[in-house]
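**Student:** Below is a structure I'd like to ask you about.
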Amino acid sequence: MSNTKVKKSGELIYVIAGKEDSLVWAECEKLVDKLLGPQERAVGLFKPEPFEVSAAQVFDELRTVPFLSNRRVVVIKNADKFVSENRQLLEKYFDNPSSTGILILTVSNWDSRTKLAKKLPKVGKLLSVTQPKAWQLPGRLTKYASDAHDKNLAKPAAELLIELSGDDVMRLYGEIDKLALFADNEKAITTKHVELLIGHNRIFGVFAVIDSCLAGNIADAVSRLRNMFAEDRTAEYTVVGAFAFHFRRAFQAKALLEKGIGQSEVASRLGIWSNKEGFFSQLRKMSLEQIGTYLRQLARTDYAIKTGQTKPQVAIEQLVFKLAGGYDTG
(Lines give C-alpha, C1' and ligand atoms only; values in the text may rest on other atoms or scores of the structure.)
Protein backbone atom coordinates (compact mmCIF):
# COMPACT_ATOMS: atom_id res chain seq x y z
CA MET A 1 0.00 0.00 0.00
CA SER A 2 1.00 3.59 -0.54
CA ASN A 3 3.06 5.21 2.21
CA THR A 4 1.73 8.67 1.34
CA LYS A 5 0.12 10.24 4.41
CA VAL A 6 -2.87 12.42 3.64
CA LYS A 7 -3.90 14.87 6.31
CA LYS A 8 -7.53 15.33 7.26
CA SER A 9 -7.30 18.94 6.19
CA GLY A 10 -5.44 20.69 3.43
CA GLU A 11 -4.92 17.71 1.13
CA LEU A 12 -8.37 16.30 0.44
CA ILE A 13 -9.00 18.17 -2.82
CA TYR A 14 -6.55 18.99 -5.61
CA VAL A 15 -7.19 21.28 -8.55
CA ILE A 16 -4.64 21.01 -11.36
CA ALA A 17 -4.96 23.98 -13.70
CA GLY A 18 -3.19 24.63 -16.98
CA LYS A 19 -3.64 25.21 -20.70
CA GLU A 20 -1.27 22.45 -21.85
CA ASP A 21 -3.25 19.21 -21.55
CA SER A 22 -0.23 16.93 -21.78
CA LEU A 23 1.52 18.72 -18.89
CA VAL A 24 -1.65 18.83 -16.79
CA TRP A 25 -2.32 15.12 -17.30
CA ALA A 26 1.30 14.24 -16.52
CA GLU A 27 1.03 16.20 -13.26
CA CYS A 28 -2.23 14.39 -12.50
CA GLU A 29 -0.68 10.95 -13.06
CA LYS A 30 2.27 11.89 -10.88
CA LEU A 31 -0.10 12.92 -8.09
CA VAL A 32 -2.16 9.72 -8.36
CA ASP A 33 1.07 7.70 -8.17
CA LYS A 34 1.89 9.46 -4.88
CA LEU A 35 -1.55 8.84 -3.44
CA LEU A 36 -2.05 5.23 -4.51
CA GLY A 37 0.35 2.33 -4.82
CA PRO A 38 0.20 0.25 -8.04
CA GLN A 39 -1.78 -2.49 -6.29
CA GLU A 40 -4.29 0.04 -4.93
CA ARG A 41 -5.32 1.55 -8.26
CA ALA A 42 -7.74 -1.24 -9.19
CA VAL A 43 -9.80 -0.77 -6.02
CA GLY A 44 -8.99 2.79 -4.98
CA LEU A 45 -9.20 4.84 -8.19
CA PHE A 46 -12.34 6.13 -9.90
CA LYS A 47 -11.68 8.07 -13.13
CA PRO A 48 -14.90 8.62 -15.13
CA GLU A 49 -15.43 10.85 -18.14
CA PRO A 50 -16.74 14.23 -16.90
CA PHE A 51 -19.75 14.14 -19.24
CA GLU A 52 -20.73 10.63 -18.14
CA VAL A 53 -20.89 11.18 -14.38
CA SER A 54 -23.08 13.25 -12.08
CA ALA A 55 -21.95 15.20 -9.06
CA ALA A 56 -23.94 12.82 -6.85
CA GLN A 57 -21.99 9.84 -8.21
CA VAL A 58 -18.70 11.63 -7.61
CA PHE A 59 -19.58 12.45 -4.01
CA ASP A 60 -20.82 8.88 -3.39
CA GLU A 61 -17.50 7.52 -4.64
CA LEU A 62 -15.57 9.92 -2.43
CA ARG A 63 -17.57 8.94 0.65
CA THR A 64 -17.38 5.19 -0.02
CA VAL A 65 -15.28 3.47 2.64
CA PRO A 66 -11.95 2.41 1.05
CA PHE A 67 -11.46 -1.33 0.55
CA LEU A 68 -7.92 -2.75 0.35
CA SER A 69 -6.50 0.75 0.11
CA ASN A 70 -5.93 3.69 2.44
CA ARG A 71 -8.22 6.03 0.50
CA ARG A 72 -10.48 6.52 -2.50
CA VAL A 73 -9.16 8.80 -5.24
CA VAL A 74 -11.61 10.32 -7.72
CA VAL A 75 -10.16 12.03 -10.79
CA ILE A 76 -12.27 14.24 -13.05
CA LYS A 77 -10.23 15.33 -16.08
CA ASN A 78 -11.22 18.28 -18.28
CA ALA A 79 -13.55 19.30 -15.48
CA ASP A 80 -14.22 22.92 -16.49
CA LYS A 81 -17.81 22.20 -17.54
CA PHE A 82 -18.34 19.82 -14.62
CA VAL A 83 -17.26 22.56 -12.18
CA SER A 84 -19.39 25.18 -13.91
CA GLU A 85 -22.53 23.03 -13.87
CA ASN A 86 -22.09 21.82 -10.27
CA ARG A 87 -20.55 24.85 -8.61
CA GLN A 88 -23.00 25.10 -5.68
CA LEU A 89 -22.83 21.36 -4.94
CA LEU A 90 -19.04 21.51 -5.04
CA GLU A 91 -19.05 24.50 -2.68
CA LYS A 92 -21.02 22.41 -0.16
CA TYR A 93 -18.63 19.50 -0.60
CA PHE A 94 -15.62 21.78 -0.13
CA ASP A 95 -17.17 22.83 3.21
CA ASN A 96 -17.34 19.20 4.38
CA PRO A 97 -15.15 16.87 2.29
CA SER A 98 -14.79 13.15 2.90
CA SER A 99 -11.90 12.31 5.21
CA THR A 100 -11.08 9.14 3.24
CA GLY A 101 -11.61 10.39 -0.31
CA ILE A 102 -9.35 12.54 -2.45
CA LEU A 103 -10.90 14.59 -5.25
CA ILE A 104 -8.69 15.66 -8.16
CA LEU A 105 -10.05 18.09 -10.75
CA THR A 106 -8.07 19.08 -13.84
CA VAL A 107 -9.17 22.32 -15.48
CA SER A 108 -7.84 24.71 -18.09
CA ASN A 109 -8.76 27.72 -15.97
CA TRP A 110 -9.29 28.29 -12.24
CA ASP A 111 -10.74 31.70 -11.38
CA SER A 112 -9.36 32.78 -8.02
CA ARG A 113 -12.27 35.22 -7.53
CA THR A 114 -14.95 32.51 -7.15
CA LYS A 115 -16.28 31.19 -3.84
CA LEU A 116 -15.03 27.74 -4.77
CA ALA A 117 -11.50 28.97 -5.34
CA LYS A 118 -11.52 30.84 -2.02
CA LYS A 119 -12.64 27.70 -0.17
CA LEU A 120 -9.97 25.46 -1.73
CA PRO A 121 -6.93 26.47 0.41
CA LYS A 122 -8.75 25.32 3.57
CA VAL A 123 -9.26 21.78 2.29
CA GLY A 124 -6.88 21.27 -0.59
CA LYS A 125 -4.32 22.61 -2.97
CA LEU A 126 -4.13 24.33 -6.35
CA LEU A 127 -1.40 23.04 -8.66
CA SER A 128 -0.79 25.46 -11.53
CA VAL A 129 0.93 23.93 -14.55
CA THR A 130 2.45 26.17 -17.21
CA GLN A 131 4.50 25.57 -20.32
CA PRO A 132 8.09 26.55 -19.55
CA LYS A 133 9.41 29.69 -21.22
CA ALA A 134 11.84 29.09 -24.09
CA TRP A 135 14.82 30.03 -21.93
CA GLN A 136 13.71 27.60 -19.19
CA LEU A 137 13.37 24.54 -21.43
CA PRO A 138 17.04 23.44 -21.61
CA GLY A 139 17.28 23.49 -17.81
CA ARG A 140 14.03 21.55 -17.48
CA LEU A 141 15.32 18.88 -19.88
CA THR A 142 18.67 18.65 -18.13
CA LYS A 143 16.90 18.08 -14.81
CA TYR A 144 14.61 15.43 -16.32
CA ALA A 145 17.56 13.55 -17.86
CA SER A 146 19.29 13.55 -14.49
CA ASP A 147 16.24 12.65 -12.38
CA ALA A 148 14.74 10.03 -14.70
CA HIS A 149 17.86 8.44 -16.16
CA ASP A 150 20.88 9.61 -14.14
CA LYS A 151 22.31 11.09 -17.34
CA ASN A 152 24.01 14.42 -17.89
CA LEU A 153 22.40 16.43 -20.69
CA ALA A 154 24.57 19.41 -21.54
CA LYS A 155 22.93 22.67 -22.60
CA PRO A 156 24.06 22.45 -26.29
CA ALA A 157 22.54 18.96 -26.55
CA ALA A 158 19.31 20.15 -24.91
CA GLU A 159 19.10 23.15 -27.26
CA LEU A 160 19.66 20.95 -30.32
CA LEU A 161 16.97 18.54 -29.12
CA ILE A 162 14.50 21.43 -28.78
CA GLU A 163 15.44 22.73 -32.21
CA LEU A 164 14.86 19.35 -33.85
CA SER A 165 11.83 18.21 -31.85
CA GLY A 166 9.87 21.36 -31.04
CA ASP A 167 9.01 22.81 -27.64
CA ASP A 168 6.31 20.42 -26.36
CA VAL A 169 7.67 19.29 -22.99
CA MET A 170 6.10 15.83 -22.96
CA ARG A 171 7.37 15.07 -26.47
CA LEU A 172 10.84 16.22 -25.41
CA TYR A 173 10.73 13.99 -22.33
CA GLY A 174 9.87 11.07 -24.61
CA GLU A 175 12.84 11.88 -26.84
CA ILE A 176 15.13 11.96 -23.78
CA ASP A 177 13.83 8.52 -22.77
CA LYS A 178 14.94 7.22 -26.20
CA LEU A 179 18.27 9.03 -25.99
CA ALA A 180 19.00 7.56 -22.56
CA LEU A 181 18.63 4.06 -24.01
CA PHE A 182 20.68 5.02 -27.06
CA ALA A 183 23.50 6.40 -24.90
CA ASP A 184 23.47 3.11 -22.97
CA ASN A 185 26.35 3.05 -20.46
CA GLU A 186 27.62 6.52 -21.28
CA LYS A 187 27.10 9.04 -18.52
CA ALA A 188 26.21 11.94 -20.82
CA ILE A 189 23.73 12.50 -23.64
CA THR A 190 25.67 14.55 -26.18
CA THR A 191 24.85 16.57 -29.27
CA LYS A 192 26.20 13.65 -31.32
CA HIS A 193 23.62 11.33 -29.72
CA VAL A 194 20.85 13.84 -30.49
CA GLU A 195 21.93 14.30 -34.08
CA LEU A 196 22.36 10.58 -34.76
CA LEU A 197 19.17 9.36 -33.11
CA ILE A 198 16.68 12.24 -33.22
CA GLY A 199 17.97 14.39 -36.02
CA HIS A 200 19.37 11.94 -38.54
CA ASN A 201 16.25 11.41 -40.66
CA ARG A 202 15.05 14.98 -40.34
CA ILE A 203 18.42 16.53 -41.12
CA PHE A 204 18.98 14.11 -44.01
CA GLY A 205 15.52 14.93 -45.39
CA VAL A 206 16.12 18.67 -45.15
CA PHE A 207 19.56 18.25 -46.75
CA ALA A 208 17.94 16.52 -49.74
CA VAL A 209 15.28 19.24 -50.05
CA ILE A 210 17.92 22.00 -49.99
CA ASP A 211 20.04 20.09 -52.51
CA SER A 212 17.11 20.06 -54.93
CA CYS A 213 16.45 23.75 -54.25
CA LEU A 214 20.04 24.72 -55.07
CA ALA A 215 19.83 22.67 -58.26
CA GLY A 216 16.74 24.66 -59.22
CA ASN A 217 14.57 21.53 -59.21
CA ILE A 218 11.43 22.91 -57.56
CA ALA A 219 9.24 19.88 -58.27
CA ASP A 220 11.71 17.47 -56.66
CA ALA A 221 12.23 19.79 -53.65
CA VAL A 222 8.49 20.11 -53.00
CA SER A 223 7.97 16.38 -53.52
CA ARG A 224 10.68 15.54 -50.98
CA LEU A 225 9.27 18.06 -48.53
CA ARG A 226 5.76 16.63 -48.81
CA ASN A 227 7.16 13.15 -48.24
CA MET A 228 8.72 14.40 -45.00
CA PHE A 229 5.35 15.60 -43.79
CA ALA A 230 3.61 12.40 -44.92
CA GLU A 231 6.13 10.05 -43.29
CA ASP A 232 6.64 11.93 -40.01
CA ARG A 233 3.60 13.00 -37.98
CA THR A 234 5.75 15.38 -35.94
CA ALA A 235 7.26 17.12 -38.98
CA GLU A 236 5.01 20.16 -38.64
CA TYR A 237 6.62 20.81 -35.25
CA THR A 238 10.19 19.96 -36.21
CA VAL A 239 10.86 20.79 -39.84
CA VAL A 240 11.57 24.50 -39.25
CA GLY A 241 14.08 23.53 -36.58
CA ALA A 242 15.75 21.06 -38.92
CA PHE A 243 16.09 23.71 -41.64
CA ALA A 244 17.41 26.22 -39.09
CA PHE A 245 19.93 23.69 -37.74
CA HIS A 246 21.25 23.01 -41.23
CA PHE A 247 21.55 26.66 -42.26
CA ARG A 248 23.03 27.73 -38.91
CA ARG A 249 25.74 25.11 -39.26
CA ALA A 250 26.24 26.12 -42.90
CA PHE A 251 26.64 29.76 -41.83
CA GLN A 252 29.26 28.82 -39.23
CA ALA A 253 31.12 26.60 -41.69
CA LYS A 254 31.09 29.23 -44.44
CA ALA A 255 32.42 31.87 -42.04
CA LEU A 256 35.26 29.58 -40.94
CA LEU A 257 36.15 28.68 -44.53
CA GLU A 258 36.31 32.36 -45.46
CA LYS A 259 38.80 32.83 -42.62
CA GLY A 260 41.06 30.31 -44.35
CA ILE A 261 40.36 27.33 -42.10
CA GLY A 262 40.52 23.99 -43.92
CA GLN A 263 37.53 21.71 -44.56
CA SER A 264 38.76 18.95 -42.23
CA GLU A 265 39.18 21.38 -39.34
CA VAL A 266 35.76 22.94 -40.00
CA ALA A 267 34.13 19.50 -40.08
CA SER A 268 35.82 18.59 -36.80
CA ARG A 269 34.84 21.82 -35.05
CA LEU A 270 31.20 21.64 -36.13
CA GLY A 271 30.71 17.90 -35.70
CA ILE A 272 30.03 17.10 -39.34
CA TRP A 273 30.38 13.32 -39.26
CA SER A 274 28.58 12.14 -42.37
CA ASN A 275 28.16 13.25 -45.98
CA LYS A 276 30.96 15.79 -45.63
CA GLU A 277 31.48 16.14 -49.36
CA GLY A 278 27.78 16.81 -49.93
CA PHE A 279 27.73 19.40 -47.14
CA PHE A 280 30.71 21.33 -48.49
CA SER A 281 29.38 21.01 -52.03
CA GLN A 282 26.22 22.82 -50.90
CA LEU A 283 28.31 25.50 -49.22
CA ARG A 284 30.07 26.27 -52.50
CA LYS A 285 26.70 27.12 -54.05
CA MET A 286 25.74 29.70 -51.38
CA SER A 287 27.26 32.94 -50.18
CA LEU A 288 27.44 33.88 -46.53
CA GLU A 289 24.95 36.65 -47.22
CA GLN A 290 22.47 34.21 -48.80
CA ILE A 291 22.68 31.82 -45.85
CA GLY A 292 22.08 34.72 -43.46
CA THR A 293 19.02 35.72 -45.51
CA TYR A 294 17.66 32.16 -45.30
CA LEU A 295 18.11 32.16 -41.52
CA ARG A 296 16.22 35.46 -41.17
CA GLN A 297 13.40 34.08 -43.30
CA LEU A 298 13.25 30.93 -41.17
CA ALA A 299 12.97 33.07 -38.03
CA ARG A 300 10.03 34.95 -39.58
CA THR A 301 8.47 31.66 -40.70
CA ASP A 302 8.80 30.19 -37.22
CA TYR A 303 7.16 33.27 -35.69
CA ALA A 304 4.29 33.18 -38.20
CA ILE A 305 3.64 29.50 -37.45
CA LYS A 306 3.73 29.94 -33.67
CA THR A 307 1.38 32.92 -33.78
CA GLY A 308 -1.10 31.13 -36.01
CA GLN A 309 -0.56 33.37 -39.04
CA THR A 310 0.21 30.40 -41.27
CA LYS A 311 0.35 26.61 -41.26
CA PRO A 312 3.75 24.85 -41.11
CA GLN A 313 3.48 22.94 -44.39
CA VAL A 314 2.29 26.00 -46.31
CA ALA A 315 5.01 28.23 -44.84
CA ILE A 316 7.82 25.78 -45.51
CA GLU A 317 6.64 25.13 -49.07
CA GLN A 318 6.69 28.88 -49.70
CA LEU A 319 10.23 29.01 -48.34
CA VAL A 320 11.28 26.10 -50.57
CA PHE A 321 9.88 27.89 -53.64
CA LYS A 322 11.97 30.92 -52.73
CA LEU A 323 15.11 28.85 -52.20
CA ALA A 324 14.65 26.99 -55.45
CA GLY A 325 13.82 30.18 -57.34
CA GLY A 326 17.02 31.74 -56.17
CA TYR A 327 15.47 35.11 -55.43
CA ASP A 328 15.67 37.25 -52.33
CA THR A 329 13.78 35.83 -49.34
CA GLY A 330 14.19 38.95 -47.29
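**Student:** Looking at segment 143-162 only, could you name the residues that are more than 14 Å from residue 197 (Cα to Cα) and either in a helix (DSSP H, G or I) or in contact with a Pro (Cβ under 6 Å, 6 or more places away or on another chain) (or both)?
**Tutor:** If the condition is that a residue be more than 14 Å from residue 197 (Cα to Cα) and either in a helix (DSSP H, G or I) or in contact with a Pro (Cβ under 6 Å, 6 or more places away or on another chain) (or both), then 143, 144, 145, 146, 147, 148, 149, 155, 156, 159 are the ones that fit.
**Student:** Residue check: is residue 138 assigned to a loop (DSSP other than H, G, I, E, B), under 17 Å from the mean Cα position of the chain (by Cα) and either polar (S, T, N, Q) or surrounded by 13 or more Cβ atoms within 10 Å (Cβ to Cβ) (or both)?
**Tutor:** Criteria not met by residue 138.
**Student:** Could you tell me whether residue 260 is loosely packed, with under 15 Cβ neighbours inside 10 Å and not in a helix (DSSP H, G or I)?
**Tutor:** yes
**Student:** Counting only residues that are in contact with a helix residue (DSSP H, G or I) (Cβ under 8 Å, 6 or more places away or on another chain) and among the hydrophobic types (A, V, I, L, M, F, W, C), how many does segment 12-52 have?
**Tutor:** 12
**Student:** Which of the residues spanning segment 1-22 are modelled with pLDDT of 85 or more and either outside any loop (DSSP other than H, G, I, E, B) or β-branched (Val, Ile, Thr) (or both)?
**Tutor:** The answer is 13, 14, 15, 16, 17.
**Student:** Please find, within segment 263-293, the residue that is surrounded by the most Cβ atoms within 10 Å (Cβ to Cβ) out of those that are under 28 Å from the mean Cα position of the chain (by Cα) and touching a residue at least 60 places away in the same chain (Cβ under 8 Å).
**Tutor:** 271
**Student:** May I pose another question? What is the residue count in segment 250-262 for residues that are free of Cβ contacts under 8 Å to residues at least 24 places away in the same chain and closer than 23 Å to residue 162 by Cα? Lay out the reasoning, then the answer.
**Tutor:** Let us first name the residues in segment 250-262 that are free of Cβ contacts under 8 Å to residues at least 24 places away in the same chain, namely 252, 256, 259-262.
Right, trim to closer than 23 Å to residue 162 by Cα and you get 252.
Number satisfying all stated conditions: 1.
**Student:** Tell me whether segment 108-124 contains one or more residues that are part of a helix (DSSP H, G or I) and under 16 Å from the mean Cα position of the chain (by Cα).
**Tutor:** Within segment 108-124 (the criterion being part of a helix (DSSP H, G or I) and under 16 Å from the mean Cα position of the chain (by Cα)), the answer is no, since none of the residues qualifies.
**Student:** I need the full set of residues from segment 165-193 which are surrounded by 15 or more Cβ atoms within 10 Å (Cβ to Cβ), touching a residue at least 40 places away in the same chain (Cβ under 8 Å), among the hydrophobic types (A, V, I, L, M, F, W, C) and closer than 22 Å to residue 130 by Cα, in order please.
**Tutor:** 169, the sole residue that qualifies.
**Student:** Go through 280, 247, 229 for me and flag whichever is touching a Phe, Trp or Tyr at 6+ places or on another chain (Cβ under 9 Å) and aromatic (Phe, Trp, Tyr). Write out each step before concluding.
**Tutor:** Details: 280 fails: touching a Phe, Trp or Tyr at 6+ places or on another chain (Cβ under 9 Å); 229 fails: touching a Phe, Trp or Tyr at 6+ places or on another chain (Cβ under 9 Å).
The unique qualifying residue is 247.
**Student:** Please find, among 275, 227, the residue that is outside the structural domain of residue 167 (by TED's automatic domain parsing) and closer than 18 Å to residue 316 by Cβ. If you could, list the steps in order and put the result at the bottom.
**Tutor:** Working: 275 fails: closer than 18 Å to residue 316 by Cβ.
After ruling out the rest, the residue left standing is 227.
**Student:** Right, something else. Considering segment 73-102 alone, what residues qualify as being among the small types (Gly, Ala, Ser), part of a loop (DSSP other than H, G, I, E, B) and surrounded by fewer than 14 Cβ atoms within 10 Å (Cβ to Cβ)? Spell out the reasoning first.
**Tutor:** Pass one, segment 73-102, residues among the small types (Gly, Ala, Ser): 79, 84, 98-99, 101.
Restricting the remaining residues to those that are part of a loop (DSSP other than H, G, I, E, B) gives 79, 98-99.
The answer is 99, and nothing else.
**Student:** Another question, if that's okay. Counting just the residues of segment 29-54 that are acidic (Asp, Glu) and part of a helix (DSSP H, G or I), which one comes out surrounded by the fewest Cβ atoms within 10 Å (Cβ to Cβ)?
**Tutor:** So, considering only residues that are acidic (Asp, Glu) and part of a helix (DSSP H, G or I), the one surrounded by the fewest Cβ atoms within 10 Å (Cβ to Cβ) is 52.
**Student:** Moving on. Mind checking which residues of segment 141-175 are under 20 Å from residue 206 (Cβ atoms), under 11 Å from the mean Cα position of the chain (by Cα) and not charged (D, E, K, R)?
**Tutor:** 161, 162, 165, 166, 172
**Student:** If you don't mind, another one. Restricting the first residue to segment 108-125 and requiring it to be closer than 17 Å to residue 76 by Cβ, which pairs with a second residue that is among the polar types (S, T, N, Q) and surrounded by 14 or more Cβ atoms within 10 Å (Cβ to Cβ) meet a Cβ separation below 8 Å and a spacing of at least six or different chains?
**Tutor:** Within 8 Å, the pairs are 108/78.
**Student:** Can you work out which of the residues in segment 294-315 that are crowded, with 18+ Cβ neighbours inside 10 Å and not aliphatic (A, V, I, L, M) is nearest to residue 209 (Cα to Cα)?
**Tutor:** Only one residue fits best here, namely 294.
**Student:** Follow-up. Is it the case that residue 231 is at pLDDT 85 or above, surrounded by fewer than 17 Cβ atoms within 10 Å (Cβ to Cβ) and out of contact with any His (no Cβ under 7 Å at 6 or more places or on another chain)?
**Tutor:** In short, no.
The values are calculated or read from the model by the stated rules, or taken from the named source; none is laboratory data. Everything numeric in this text was worked out from a predicted model, so none of it was measured. Please note: Cβ atoms are built from the backbone with ideal geometry, for glycine as well, and neighbour counts cover all protein chains shown.
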